[in-house]
Structures are given as structure tokens and as C-alpha cells.
Amino acid sequence: MAAMSGPPSSSHRTQAPPVVTTVLLAAPRSFCAGVQRAVQIVQRALDDAAGPVYVRKQIVHNAFVVAELEDHGAVFVEELDQVPDGATVVFSAHGVSPVVRAQADRRGLMVIDGTCPLVSKVHAEAARFARRGETVVLIGHAGHEEVEGTLGVAPEATVLVQSVEDVDALDIPVDARVSYLTQTTLAVDETAVVIEALRRRFPGLREPPSEDICYASTNRQEAVRAVIAEARVLLVVGSSNSSNSVRLVELARRHGTPAYLIDGPQDIDPAWVDGVTPIGLTAGASAPAVLVDQVLSALAARGPTRVLEREVAVETIRFALPKQVRTPAGADGSTAVSAGPEVSREDFP
């Protein structure tokens, strides 16, 4: 009688192939032209200056960027009274009010202006609208540095609103001459609701000649829309004080996709990503591409991954540097900061 065969030995069992995690990479992502310009300004100022280079507020709202620049000698301060008379000071990308500029002039500070040109555009519009005798309604987030700077351009003529409820509460006659401006890093869809409320309240409402929400904020939001159409979770690289990064998280959540703001791979909770595919990944306009690379590496370390890019726009905008730092310092010039996806740790800054 033939012996019954037993179960196959473990050495002959077929192993299930590992699950491949798909990562959907939003594009555009990471540095915008205004952020890249601001960081390069500090880098070149550090190369050129004989003494310390002070930066009022965070040059951009990203903890990694600030720490890297501090390591290279930048001194970050909250206010100008922390800067010695006659020293070099860089204004952040978020802009400052005329009061701050006047204070710098009185102190004899050597100012290098890192204000994003798109923020400067909003300041110019605020001044022009106020000169025309209009009440300027600024849509933005109270306490944000960009908003504080814009409010300071024409404080007697400008009021701040954040919501439809704020619009309804405005103590302005319906027939008054009213114009509006917006913070550059707002959510496009939420801002549209507030603008529509202003139009209903003030039929003669005047608009800025072109959109104030910047191209980079809009593009990154559209890229997130493309990614969350497929992704089961979204990771947004950016610091908690970055308005445009927070807006990306909020956008995904409003559309039903779990989303998390992280400064880097160290902030990833395994429960968010274990067994989850596709995973969406993006970065706010103030977060360098190297952090995206680090997150991709961390995800790959957890198991096999494939990365697919979802591109909705190609950004080619570049802003000129201020004249004080326009000539490259040293034999090889200043360090270029890439906004692309392939950046090694040594590339920044």
C-alpha cells in the first residue's frame, strides 16, 4: 500500500509576492519662484557680507530651511530692535509694512528685500486703491505675516475678512467705493465663496486687475485635486505655520481624503500608510524638494514602491534677485536651490 503524501514542505510553498505600494507624486510641488528667490537672497548675502546677516522673521515658513540657513550663519530675529544699527537685514518673503521699512531706514540698516514680487504686487494695489478713496477689503488670515504687511500699507483704509460671516458683519455702506485684495496663499475655492459674498453685498465692488492668489498656490491645489482622485491618503510636506501647505491638507480633507501635514519622514505614523495604496505625496511651496526625496526613501524602506507623477502644470516663472545680491558671490556663484524631485542632501543649501 502506497504511503500517503503529506503536506508540501515549507521550502516548497509558494511565497506571495510583496504588495507594491503606489505613490502618486503631485506636480508642481515644493519651492515656488518666490521662495527660491528668498532663500537665494539669504545664501548670497551670507556669501557677500563681512558681518552677520540678520533675517526678520522666518525667511519662508519651513523649519528645515530656517535650520539650514542658521547652520550657515543666518541670524533670525522677530523684530528689528534685535538687529544692531547699520547691520545687514533681509526681509522675509512675506513682506513688511511701511512702518517696518521706515524703522530700518532710521536705524541705518542695510536692507535686502526678500519680499515675493507677487506680495509686492498686492501691496502696490492696496496703496493704489486707498489713494482712489476706496475701502480695501483684504481677504486673509489674521496674524499671518503677509496679511500684517498688507494691512500696514494703508491701515486707515483696509479691513480684514476671513469668512462670509465677516463680510456680513462689515460696517460699510452698500454704496461705498469698495475694492478687495487677497492673501496670496489662500484656498482658491474657499476664497471664491468670500468674494461672491462681497459681490452680493457691494454691487459696485472693484477687483484687482489680476488674481492675487499666486500661481504656485493655485497649481499645488490643482495637483492635489488630481492626486486625491486616486489616492487613499495624502502626505503633505510642510511646516505647520506654512499657509499654503495647510491649505493643501484642508483641501484633501474637504474632499474626503485623509491628509496629514509632516515636516519630514520622521513624522509619518505607520498607521497612515501600512497596507495603504495609492499614497498621495506633495509639498507646500516653502518645503524643499530634498524633504520629498526623504519621504520617498522612507516609504521605499517599508516595502517595494512605484512612483507615478501627476502633473497639472509646468512652472517656468523666475524672479530677478535684488541688485545687492544679483552678482554671484565667489568663483562659482551662490548655491542654486532646485524645486525638482531629484535633489541630494548636499544640494541644499
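The values are calculated or read from the model by the stated rules, or taken from the named source; none is laboratory data. Predicted model only: the values in this text are computed from it and were never measured. Cβ: placed from backbone, ideal geometry, glycine included. Neighbour counts: every protein chain shown.
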Residues located in segment 27-47, provided they are of a type in the set (Gly, Ala, Ser) and either surrounded by fewer than 24 Cβ atoms within 10 Å (Cβ to Cβ) or within 16 Å of Ala67 (Cα to Cα) (or both) = Ala27, Ala33, Ala38
Which residues, taken from segment 49-106, are of a type in the set (Ser, Thr, Tyr) and either without any contact (Cβ under 8 Å) to a residue 12 or more places away in the chain or surrounded by 20 or more Cβ atoms within 10 Å (Cβ to Cβ) (or both)?
-> Tyr54, Thr88, Ser92
Taking the stated definitions as given, is Asp263 under 22 Å from the mean Cα position of the chain (by Cα) and surrounded by fewer than 18 Cβ atoms within 10 Å (Cβ to Cβ)?
-> yes
Subset tally (residues that are surrounded by 11 or more Cβ atoms within 10 Å (Cβ to Cβ), modelled with pLDDT under 95 and within 25 Å of Phe64 (Cα to Cα)) for segment 307-337 | 7
Check segment 274-297 and report whether any residue there is closer than 19 Å to Thr218 by Cα, small (Gly, Ala, Ser) and part of a strand (DSSP E or B).
-> yes
Out of Glu134, Glu125, sole residue that is at pLDDT 95 or above, within 20 Å of Glu207 (Cβ to Cβ), within 25 Å of the chain's Cα centre (by Cα) and charged (D, E, K, R) | Glu125
Matching option when the condition is polar (S, T, N, Q), under 29 Å from Gln36 (Cα atoms) and buried (at least 18 other Cβ atoms within 10 Å of the Cβ), among Ser297, Ser245 = Ser245
Of all residues in segment 122-164 being in a loop (DSSP other than H, G, I, E, B) and not small (Gly, Ala, Ser), the one that is surrounded by the fewest Cβ atoms within 10 Å (Cβ to Cβ) | Glu156
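Here's the yes/no breakdown for (1) touching a strand residue (DSSP E or B) at 6+ places or on another chain (Cβ under 7 Å); (2) without any contact (Cβ under 8 Å) to a residue 12 or more places away in the chain; (3) closer than 27 Å to Arg225 by Cβ; (4) not assigned by TED's automatic domain parsing to the domain that holds Pro84:
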site: Val122; (1), (2), (3), (4): yes, no, yes, yes
site: Thr150; (1), (2), (3), (4): yes, no, no, yes
site: Ala157; (1), (2), (3), (4): yes, no, no, yes
site: Leu160; (1), (2), (3), (4): yes, no, no, yes
site: Asp175; (1), (2), (3), (4): no, no, no, yes
site: Ala187; (1), (2), (3), (4): no, no, yes, yes
Hey, can you tell me all the residues within segment 68-97 that are aliphatic (A, V, I, L, M), touching a helix residue (DSSP H, G or I) at 6+ places or on another chain (Cβ under 7 Å) and either over 29 Å from Pro155 (Cβ atoms) or assigned to a strand (DSSP E or B) (or both)?
-> Leu69, Ala74, Val89, Val90
Some residue of segment 303-314 being of a type in the set (Ser, Thr, Tyr), outside any strand (DSSP E or B) and more than 18 Å from Tyr215 (Cα to Cα) | no
Reported set for segment 98-121 where residues are in contact with a Ser or Thr (Cβ under 8 Å, 6 or more places away or on another chain) and part of a loop (DSSP other than H, G, I, E, B) is Leu109, Gly114, Thr115, Cys116
For segment 268-289, name all the residues that are without any contact (Cβ under 8 Å) to a residue 60 or more places away in the chain and in contact with a helix residue (DSSP H, G or I) (Cβ under 9 Å, 6 or more places away or on another chain).
-> Ile268
Please find, among Val60, Val23, Val65, the residue that is touching a helix residue (DSSP H, G or I) at 6+ places or on another chain (Cβ under 7 Å), in a loop (DSSP other than H, G, I, E, B) and either modelled with pLDDT of 95 or more or not aliphatic (A, V, I, L, M) (or both).
-> Val60
Checking Asp171 against (1) touching a strand residue (DSSP E or B) at 6+ places or on another chain (Cβ under 6 Å); (2) surrounded by fewer than 17 Cβ atoms within 10 Å (Cβ to Cβ), which single condition isn't satisfied?
-> (1)
